[in-house]
């Protein structure tokens, strides 16, 4: 009788451990505190942003849901573009023009 009780409890411990592991895996591990976003990241459709012709990205910065791209333009100038990282929508753009003395930035309108 004691032997059957010990075997039954061993099976219960193994089953309970398996349930805990499965639940943690479904929640994305839980250690990152991202609410499952890490496990769903592979299923997200990437947002796209078309660079101006001949432009290349020379620097990036991320702040929350906003992505800042510093672009080197084909004509030799530079532009900073702020993008919504979730949708790829352009929020603002600033052309960097040399020799203006710091106060004359012109914001270009979002499309």
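The values are calculated or read from the model by the stated rules, or taken from the named source; none is laboratory data. Just so you know, these numbers come straight off a predicted model, no measurement behind them. Heads up, the Cβs are rebuilt from the backbone with ideal geometry, glycines too, and the neighbour counts pull from every protein chain shown.
Among 43, 39, which is loosely packed, with under 10 Cβ neighbours inside 10 Å and either at pLDDT below 90 or touching a strand residue (DSSP E or B) at 6+ places or on another chain (Cβ under 8 Å) (or both)?
43
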Could you check region 62-74 and list, in sequence order, the residues that are more than 12 Å from the chain's Cα centre (by Cα) and assigned to a strand (DSSP E or B)? 68, 69, 70, 71, 72
Go through the residues of region 1-20 one by one and say whether even a single one is part of a loop (DSSP other than H, G, I, E, B), in contact with a helix residue (DSSP H, G or I) (Cβ under 9 Å, 6 or more places away or on another chain) and either surrounded by 12 or more Cβ atoms within 10 Å (Cβ to Cβ) or modelled with pLDDT of 80 or more (or both). no
